[in-house]
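Colleague: I have a structure I would like to understand better, so I am pasting it below and will then ask my questions one at a time.
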Amino acid sequence: MTTPALAQTDVMAPIAIPTQPSAIVLGTGKLAGATAPEAWHRQYGSVFARNVTVATLTPFLPDPGKATGTAVIVAPGGGFQTLSMQNEGWDVARALAARGVAAFVLKYRLNPTPQDLATFAQPAPRGTQPPRPSAAAMMAGLAPQIADARAAFALVRTRAGEWHVDPARIGMVGFSAGAMLTMATTVAGQDAKPAFIGNIYGPLAAMTVPADAPPMFVALAADDPFFGNSGFGLIESWRAAKRPVEFHLFEQGGHGFGMYPKTTTSTGWFDEFTRWMAMHGWLKPAQ
C-alpha cells in the first residue's frame, strides 16, 4: 500500500537488517503467534521492514538551538504487512528535525507474512484477492499496533525533559496504513491523546469524532488508486464536529509519494504540513 504510482515495476531485493543503534524497544512484547524472523528488502527507492514482531521507536532530535519543544510520532505505511521505513519514516523524521521538531519513527508490529521473500512477492492469482476491508474493520483489528502507538507516546512523555519536548505538544503523522493507525490512536488510544495529527493518503471514510479531537492535516492525491475515489467523509466529520481540519487534494501523485522527489505537486505536502504546524504555533518554542 505504499508503492508510488510511477514505480510499479520495481522488484523486491533482500537486504541485511540495517543497524539501528538509536532504536528503543517499546516493551509491548512479541507479537503473539509470530514465527518468521524480521526481514528487510529494498523496493521503490526505499527500504522496507517485514515480519516486525517487536516494536521500537527511533528518535531524530533537532539541534538543541533549534528545538521548538514540539514532537511528532511518525508511522510509516505498508498495509500492515511491511513498513516503508525510509520514504515514510526516516526521511520524514529528518525533515521534521531540520525544522526544530523532535521526530520519532514508530516501527510497529506487523501481520505475519511468508518468511521467503520470493513467496511474499508473488502476486495473488487474478480474481483471488480478498475484498478490501473497510477502514472501520481494519481499525477494529489494530490492538497490537495501537498498543505500540500508546507506548510510543508514553515513552516520549517520560523522557520529555531529556529530549527537550513539551509533553502537551506531541503529534502524530501516518502514511496509508500508518494513517489508519494514526486515526485509530486518536479515537481509541486512550492516554495517547496526540496534540495534532496528519493523515497522509489514508482512507477518508466518515467516522465518529471525539469531542476533543485534535487538529488534523490531510493530504491525498486525486489519482490515488486506493482512496482517491472513496469520498471525503472524514473531512466532513471533522467539520461537522467543529474541529480544525486542513485538506489538500493534489491533482496527481498516486499512492505512497511520501518524500519521493516527484514532479507532481503532491511533493509539496511536507511544506504545506509544516506551514500548517507553524500556523498553529508548533514551530516556535512554547511561551
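Residue by residue, here is whether (1) among the hydroxyl-bearing types (Ser, Thr, Tyr); (2) closer than 16 Å to Gly78 by Cα; (3) open to solvent by 20 Å² or more (accessible area, probe 1.4 Å); (4) under 13 Å from the mean Cα position of the chain (by Cα) holds:
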site	(1), (2), (3), (4)
Ala179	no, yes, no, yes
Thr182	yes, yes, no, yes
Asp191	no, no, yes, no
Tyr201	yes, yes, no, yes
Ala206	no, no, yes, no
Phe226	no, yes, yes, no
Ser230	yes, no, yes, no
Trp238	no, no, no, no
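Colleague: For the range 269-284, which residues satisfy the criterion of being out of contact with any Leu (no Cβ under 8 Å at 6 or more places or on another chain) and surrounded by 15 or more Cβ atoms within 10 Å (Cβ to Cβ)?
Modeller: Passing the criteria: Trp269, Phe270, Glu272, Phe273, Trp276, His280, Trp282, Leu283.
Colleague: Is one or more of the residues making up the range 223-241 within 24 Å of Asp91 (Cα to Cα) and aliphatic (A, V, I, L, M)?
Modeller: Checking the range 223-241: not a single residue is within 24 Å of Asp91 (Cα to Cα) and aliphatic (A, V, I, L, M).
Colleague: Considering Ser237, Ser266, Ser230, which residue is of a type in the set (S, T, N, Q) and touching a Gly at 6+ places or on another chain (Cβ under 6 Å)?
Modeller: Checking each option against the conditions leaves just Ser266.
Colleague: Assess whether Val54 counts as being part of a loop (DSSP other than H, G, I, E, B) and in contact with a strand residue (DSSP E or B) (Cβ under 8 Å, 6 or more places away or on another chain).
Modeller: The answer is yes for Val54.
Colleague: Quick check: anything in the range 43-53 within 20 Å of Lys262 (Cβ to Cβ), in contact (Cβ under 8 Å) with a residue 12 or more places away in the chain and among the β-branched types (Val, Ile, Thr)?
Modeller: Yes, the conditions are met somewhere in the range 43-53.
Colleague: Here's something else I'd like to know. Every residue in the range 254-268 that is in a helix (DSSP H, G or I) and open to solvent by 10 Å² or more (accessible area, probe 1.4 Å), please.
Modeller: Matches in the range 254-268: Thr265, Thr267, Gly268.
Colleague: A further question on this structure: For Ala195, indicate whether it is open to solvent by 10 Å² or more (accessible area, probe 1.4 Å), in contact with a strand residue (DSSP E or B) (Cβ under 9 Å, 6 or more places away or on another chain) and either within 15 Å of Pro76 (Cβ to Cβ) or part of a loop (DSSP other than H, G, I, E, B) (or both).
Modeller: Taking the combined requirement at face value, the residue satisfies it.
Colleague: Which one of Ala206, Ala241, Ala195 is at pLDDT 95 or above, closer than 29 Å to Gly100 by Cβ and not basic (Lys, Arg)?
Modeller: Of Ala206, Ala241, Ala195, the one residue that is at pLDDT 95 or above, closer than 29 Å to Gly100 by Cβ and not basic (Lys, Arg) is Ala195.
Colleague: For Leu106, indicate whether it is open to solvent by 20 Å² or more (accessible area, probe 1.4 Å) and either closer than 25 Å to Asn199 by Cα or of a type outside the set (Lys, Arg) (or both).
Modeller: Spelling it out, it is not the case that Leu106 is open to solvent by 20 Å² or more (accessible area, probe 1.4 Å) and either closer than 25 Å to Asn199 by Cα or of a type outside the set (Lys, Arg) (or both).
Colleague: While we're on this one: If you take the residues in the range 208-224 that are among the aliphatic types (A, V, I, L, M) and open to solvent by less than 10 Å² (accessible area, probe 1.4 Å), which one is farthest from Asp148 (Cα to Cα)?
Modeller: For the range 208-224, the residue satisfying everything is Ala221.
Colleague: Can you pull out every residue in the range 67-88 that is of a type in the set (Ser, Thr, Tyr), in a loop (DSSP other than H, G, I, E, B) and buried (at least 24 other Cβ atoms within 10 Å of the Cβ)?
Modeller: Thr70
Colleague: Which residues, taken from the range 201-238, are more than 19 Å from Asn87 (Cβ to Cβ), among the acidic types (Asp, Glu) and in a loop (DSSP other than H, G, I, E, B)?
Modeller: The one that is more than 19 Å from Asn87 (Cβ to Cβ), among the acidic types (Asp, Glu) and in a loop (DSSP other than H, G, I, E, B): Asp212.
The values are calculated or read from the model by the stated rules, or taken from the named source; none is laboratory data. Everything numeric here is computed off the predicted structure, so don't read it as measured data. So basically every Cβ, Gly included, is an ideal-geometry build from the backbone, and we count neighbours across all protein chains shown. All accessible areas refer to the heavy atoms of the entire protein, side chains included, with ligands and DNA or RNA removed. Shrake-Rupley method; radii C 1.70, N 1.55, O 1.52, S 1.80 Å.
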